[in-house]
Every structure is written in structure tokens, then in C-alpha cells.
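Report on the structure given below.
Derivation of every value follows stated rules applied to the coordinates shown; laboratory data play no part. It should be emphasised that the depicted structure is a prediction, and the values quoted were computed from it without experimental measurement. Cβ placement follows ideal geometry from the backbone for every residue including glycine, while neighbour counts extend to all protein chains displayed.
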Amino acid sequence: MKIEDVVCTFCGCLCDDLVVEVDGRRVVSVENGCTLANEKFMGDHRLQSPIRRNGKGWEHISYDDAIRETAEILCDADRPILYGWSGTHGEAQSIGIHLAELLGALVDNTSTVCHGPSILAIQEVGHPGCTLGQVKNRADVVVYWGTNPIDAHPRHMSRYTTFADGFFLKEAFRDRRLIVVDVRKTESANIADEFITIEPGGDYAVLSALRAIVRGKREIIPPSVSGVSREQLFRVADLLLSAKFGAIFFGLGLTMSPGKYKNVRNAIELTEELSRHTKYTISPMRGHWNVYGSNEVFTWITGYPYAVDFARGIAFYNPGETTSVDVLRRKECDACLVVGSDPGAHFPKACAEHLARIPTIQIDPHTNATTHLSRIQIPVAVTGIDAEGTAYRMDGVPIRTRMLFKGEYPSDTEILERLYTLVKEAKGP
Ligand code: SF4
């Protein structure tokens, strides 16, 4: 059976035009997907049943035992963390937050190690963003700053920017100008009209120089700014100003380099500066397919987008204090539930070591680096293949993912609902 308009649940592009052929409980072909999507849909490396660590290795256990033991660990903990959430659907995220409130736990999502600084900057100066549809139809100058879409979001250029014809751009590849800014030459840089190589940590200075040029202060620019010549800065500023509609996209190269949220704030202020002359927008390149959704769901339930601490009985948010990396580094946490993410692969070593010391439970369809730190792992259905739910694309547009067949695994929502019920019973009225 061929199913059309399937949503790919891999990266923040959430491409919704895949055609997937299904034979029973197996995906046999994928059309329109990139290589990452093919691997996601065709890969067949799922964990078969819940596993628990015993003295010698792993033993298979039932879902009932795995969920009961998880509930006991979380109820016994003084300072549990519920972490992850960007690799699951909004309905499961919502239960996770209510579970955190019940437990007095800290609930945090993967923004803490990706676009958390973008959110802090947006809280300070706002977000002049737009949908990807606007970019596709209108943008004649596109900037990728600290991001390499050809590798990380392989269809971003073909669906929304360089290779995508739009309503006002009939021949996109010829009509759009592309600027790439990075610390090294990437594949995306190879097709740019203008590639700016900046010295690592030089983003803030280069953004400031461009703001000054756009403000008309060319005379104050030194011969070189963070490895970028004055001549190139002038050329790039002129190119930016030539746009009828410009779109700036930025990635972790900006959010996680020295300056962090101040870099993003400066980029937003450059966007506003450019918008005094023409129209500009700026958008983060969100990585996990529903990390934007985790920020949305966290915010509409608790008022805060990530790092929400219920230890005081109310939602408390103070990044740097209540972010999971900081709590783990201080060794405060004594149990951790990981849902839809892989902190074992992405967290600093000291945090991963602490996760290995405390009881860590992972809810995930596949084994990964976090499995090696975990005491229990509970496999679940994959959203977009054998489970469905709501996700938010990187531009904040909610998209309903589809279930292609009914599989044998429970969804994240089902597992979390059962966990919530057990914890509620244990905590009493
Ligand atoms: S670009 Fe991202 S969402 Fe689109 S098909 Fe590739 S992995 Fe999936």
C-alpha cells in the first residue's frame, strides 16, 4: 500500500510530502525523502522489548515490570529530572510535564544544549520570524549563519530556499542570492554567492560590524574583523541591503559559540536594522523534529519554554541553575527519565558520568549512547511510522504526523499515561 503526504519525523523541516510504501508492518520504500529520512523509515534496528540491567548485562522484562519499576524509582527520588522530549509528539510532552508537576521534578528539553540561547535572546528582543512558506515565495536573499543545511537539514534548500521556485521567484536558483557564514568551508558554502569565513568566536564582532555598516558607519570599520576583510563586509552588507525580502537562518554555530545568546540577540538586532531599509526575517534552524514543539508545549502549560523546575511546587525557570546540564554537573539529581533524546551522546562528560551513577530510565524505540548509561530502557512506537501525534515545524507551524500501520509497540503517550497513573496512586490524593 502506498501512502501519500507522509510527514518525516527526523529533522525540524518536518517535510510533509513523502510517499511511503508499506507492506504489513514494514516500510518497503520511501519517495521524496533525503538520506536521513530513508534511514529513519527503512532502518530496522528497534529494541524488541523492555530491558533492565542486571549484574552481568541486560535482561528482558515485561512492560508492566518496566513501568512499575520506573514509577518506583521516580517516586523514591528527591530530585528527579525528566529530560528530552524533542523526539516525541506534543501529546506525550504534555503528559510528561504533568508527571513532572506531580513528582516535583525538573523537566527540561533538548533546547538546553541547542537553541536555548536563541530563546533567551528572543525573550529579550523579540523574534521577527515568518513561516517557511513566506521564505519560499518571497526571499531573494538567504543567509545561513553557523549552520550547514546540506548535511543537517538536507531538504531545507530544495523545499524552501536556494532550489525552491516560489510565487515571486520563478527561477529560484538564479534569482536568489545565498550568503553562508561559518568557521570552515562546508558543502552549503560551496554553492554560496558569498561565503564568509570567520574566526571561531568571531560571530558577535562580525554581526556588530555589519550592523554598523547598515547604519551608515562604514568609516569606523577596521581593515579586518574576526578574520573578515572590510571589503568583504561592505560587499555582504550591500548584498543584504539589495534584498526585497531577506531571510536569515542560524544554527548552533551561533548559539553555542562564545557569546551564545548575545550572538543571537545581535543577529536579531541586525535583522531589525536591515528591516529599516527593506524586509528581513530571522529563524533558528531547529534540529530534532519536534524540539520546537517541546518549547511550545512547555510554554503553554508552565509559562516557560525549557528548564522548568517543580521542586518548589510551582513552575520555576532560571537557565544556568535549572537547566539539566547544570543540575547534573552539580550532582543534585538522583534519578532521570529520558524520553525521545540521547543525552549520552550530547551531554558533557561529567553529566553523562552522573547519569550512569544514578538510576536512569530511557523511553526510546532504539538503543543509543544513553542505553549504556541506563538501568532500564522501554521501547516505544516511532511517531510518524507506527504512532501519531502533533509536531511543530522549525517555523512554529503545527503539523499532524501520521501512523502508517498499527504496530506491536505502545506509543510514548500510552507509556507515560500508565506511568502517570501509577505515580498518582503512589502519591495519593
Ligand atoms: S530534510 Fe529533514 S524532515 Fe525533510 S526528509 Fe530530510 S530528514 Fe526528513
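Some observations on this one:
- With the highest mean first, a sort of the peptides 125-132, 147-154 on other beta-carbon atoms found within 10 angstrom per residue produces 147-154, 125-132.
- Projected area, mean over directions - the stretch 273-379, Cα convex hull, nm²: 9.1 nm²
- Where N is the number of residues in the stretch 124-224, Cα Rg divided by 2.2 N^0.38 Å: 1.18
- Taken as Cα centroids, the stretch 106-159 and the stretch 173-203 sit 16 Å apart, rounded to the nearest whole angstrom.
- Ordering of 350-360, 51-61 by burial proxy (mean other Cβ atoms within 10 Å per residue, highest first): 350-360, 51-61
- Directionally averaged shadow of the stretch 242-309, computed from the convex hull of its alpha-carbon atoms, nm²: 6.0 nm²
- Eigen-decomposition of the gyration tensor built on the alpha-carbon atoms of the stretch 230-274 gives equivalent ellipsoid semi-axes of 21, 13, 9 angstrom, largest listed first.
- When restricted to Cα atoms, the stretch 116-284 yields an Rg and a Dmax of 14.6, 41 Å, respectively.
- Principal semi-axes of the equivalent ellipsoid, √(5λ) from the alpha carbon gyration tensor of the chain, are 40, 26, 18 Å from largest down.
- In terms of packing, defined here as the mean over residues of other Cβ atoms within 10 angstrom, the peptides 157-163, 105-111, 191-197 line up highest first as 105-111, 157-163, 191-197.
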